[in-house]
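Accompanying notes for the structure given below.
Computed from the coordinates by the stated procedures, all read-outs in this text should not be read as laboratory data. Bear in mind that the values here come from a model prediction, so they are computed numbers and not experimental data. Note that each Cβ is placed from the backbone with ideal geometry, even for glycine, and that neighbours are counted across all protein chains shown.
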2 protein chains.
Amino acid sequence: MSVTDELVANAERYAASFTFGDLPLPPARGVAIVACMDARLNVYGLLGLREGDAHVIRNAGGVITADERRSLAISQRLLGTTEIILIHHTDCGMLTFTDDAFKESIRAEVGIKPDWSAEAFTDLDEDVAQSIARIKSDPFIPHRDSVRGFVYEVETGRLREVKA
Amino acid sequence: MSVTDELVANAERYAASFTFGDLPLPPARGVAIVACMDARLNVYGLLGLREGDAHVIRNAGGVITADERRSLAISQRLLGTTEIILIHHTDCGMLTFTDDAFKESIRAEVGIKPDWSAEAFTDLDEDVAQSIARIKSDPFIPHRDSVRGFVYEVETGRLREVKA
């Protein structure tokens, strides 16, 4: 039995006690969260979100690339969100390598160098500020007044705001 | 008080009862999930995940673009995951518009047409299969034997597998 099989079995239990069948498509709280994919960062638990509350966008690092700008434009323009919360975290994998070394290791193994930026970073607070700046400069995201960035401390469970 | 302020206050409560301070960086279950950002799709609750179990990657639609391929390469190559679960869902916002119309509406308002594909789709099962196919063809993602796709039914809470 694979891990996937086990998680699918868990989903049957979720459905058995499901009570959220009449929620609307637009997020009730009008907020979109962009967070790192890290396994220790439980966005719903941390922020006290319930089903239907917020859009949750996640990737390696919680960084802003074209795909996050696409998702935020859809979130705000079609589904009415107006606030954005960014969450990076301590002990992040993105702090453990460089783009150059990672992409060279792939080229050496596969024979092709990836055509994407790996988006590694060396300073957590600086990268949160960088992510805020990328959103603030994007003309396709209409609501940019409430864009706030945080560092989640995986050691303590605390959320610390980064002043951009 | 903004919604962001309220969610940050919730995070203080999370930290006050926090018990996950010694979890390692690599996901315990060795799995990465790619899901839609939809507010009704609580990935942790649905799959019975706990802090530390799995990478969670999310965007508008749960589609595979360059940024998801980047995140999956990092997840597998640097942090040891080997299984991938894709989750789209019923009543998805991505079924409600076309790329052409959405991008033209932005051009008409902003004066610039976005340089990204909006990734709208018309058939849920077909788009899950498309996402699986994009992963299967990516040379930078080493583990492509266990890539399974699902549709989450927001009306019932059930997860239905799409046979690719």
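Take A:Thr96 and B:Ser117, extend 7 Å from each Cα along the Cα→Cβ direction, and tell me the distance between the two endpoints in nm.
3.2
Please list, ordered by chain and number, the residues whose modelled amide H lies under 5 Å from the amide H of B:Ala35; skip anything fewer than 5 residues away on the same chain.
So B:Ala35 has HN proximity to B:Ile57, B:Arg58, B:Asn59, B:Ile87.
Any idea how far the Cα center of region A:43-91 sits from the one of region B:70-132, in Å?
Using only Cα atoms, the two centres lie 15 Å from each other.
In sequence order, what are the phi-derived ³J(HN,Hα) couplings for region A:127-136 according to the Karplus relation 6.51 cos²θ - 1.76 cosθ + 1.60 with θ = phi - 60°, rounded to whole Hz, with x for glycine and proline?
Here the 3J(HN,Hα) series is 6, 4, 4, 4, 5, 4, 4, 5, 5, 4 Hz.
Whole-Hz ³J(HN,Hα) for each residue in region B:104-112, computed from phi via Karplus 6.51 cos²θ - 1.76 cosθ + 1.60 with θ = phi - 60°, x for glycine and proline: what do you get?
So the Karplus estimates, Gly and Pro as x, are 5, 5, 5, 4, 5, 8, 8, x, 10 Hz.
Give, as a single signed number, the net charge of other residues whose beta carbon lies under 13 Å from the beta carbon of A:Arg107, with Lys and Arg counted +1 and Asp and Glu -1.
Taking every other residue near A:Arg107 into account, the sum is -2.
Name the shape class, rounded, prolate or oblate, that the alpha-carbon gyration tensor gives for region A:7-68, where a ≥ b ≥ c are the square roots of its eigenvalues, rounded holds for a/c under 1.5, and otherwise prolate holds if a/b is larger than b/c and oblate otherwise.
Oblate.
Whose amide H sits under 5 Å from the amide H of B:Arg160, counting only residues 5 or more places off or on another chain, with H placed in the peptide plane?
B:Val151, B:Tyr152, B:Glu153
Compute from the Cα atoms of the protein assembly as shown the Rg and the Dmax, the latter being the longest Cα-Cα distance, and quote both in angstrom.
18.3, 53
Output the Kirkwood hydrodynamic radius of region B:16-116, Cα pairs only, in Å rounded to one decimal. Mind showing how you got there, number by number?
On the way: mean 1/r = 0.0635 Å⁻¹.
So the Kirkwood estimate lands at 15.8 Å.
Which one, A:Cys92, A:Gly111, A:Ser71, is farthest towards the positive end of the dipole of region A:68-116 when Lys and Arg carry +1 and Asp and Glu -1 on their Cβ?
Working it through, the farthest residue towards the positive pole turns out to be A:Ser71.
Would you be so kind as to identify which of A:Ala28, A:Ala101, A:Val43 lies farthest towards the positive end of the dipole of chain A, taking Lys and Arg as +1 and Asp and Glu as -1 on Cβ and the Cα centre as origin?
Result: A:Ala28.
Please state the relative contact order of chain B as a whole percent: Cα pairs under 8 Å, 6+ residues apart?
23
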